[in-house]
Amino acid sequence: MKQIEAVASLTALAHDSRLAAFRLLVQAGPDGLAVGEIGQRLKLPGATLNSHLNVLRRAGLVRDTREGRSIRCRADYARMDALLAFLTENCCGNDTASCTPACTPTRRKRP
């Protein structure tokens, strides 16, 4: 991931509602959630939620598919992994002996 892409992703996540929506989608796993369900869980009006989801989509953090009359959103795990890798790329000065568990790529379990 390039720095400009990381900045776009971090900017998108730097809002309380967008961060909550993204975390909710990460927790939902690969099946994701319908937009209406996200709105209900976060108690956000449809127009507000749609605006926040559009920011996350433009940053590449959220993908969606149409299912009949509803739209299902999913976290883009590859983009999330790329952002985490970018943030921890030179963790501990590449000294793996002193690296914390937070810097170890295998620390996370895929939902």
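Every number in this text was worked out from the coordinates using simple rules, so none of it is lab data. Just so you know, these numbers come straight off a predicted model, no measurement behind them. With ideal geometry, Cβ positions are generated from the backbone for all residues, glycine too; neighbour counts draw on all protein chains shown.
When the alpha-carbon atoms of the range 3-89 are used, the pair Rg, Dmax equals 12.5, 42 angstrom. Here the Kirkwood formula, the inverse mean of 1/r across different C-alpha pairs, assigns the range 18-57 a hydrodynamic radius of 10.0 Å. Set Lys and Arg Cβ to +1 and Asp and Glu Cβ to -1, take the dipole of the range 38-87 about its Cα centre, and tell me which of A47, A82, V62 lies farthest positive. Final value for the positive-end residue is A47.
Which of the peptides 47-56, 78-87 is most tightly packed, and how do the rest follow, going by the mean number of other Cβ atoms within 10 Å of each residue? Let's see the in-between values first.
Numbers: 47-56: 17.2, 78-87: 15.6.
Ranked by mean Cβ neighbours within 10 Å, highest first: 47-56, 78-87.
If R0 is 35 Å, the Cβ-Cβ spacing of N50 and T88 corresponds to a FRET efficiency of close to 0.60.
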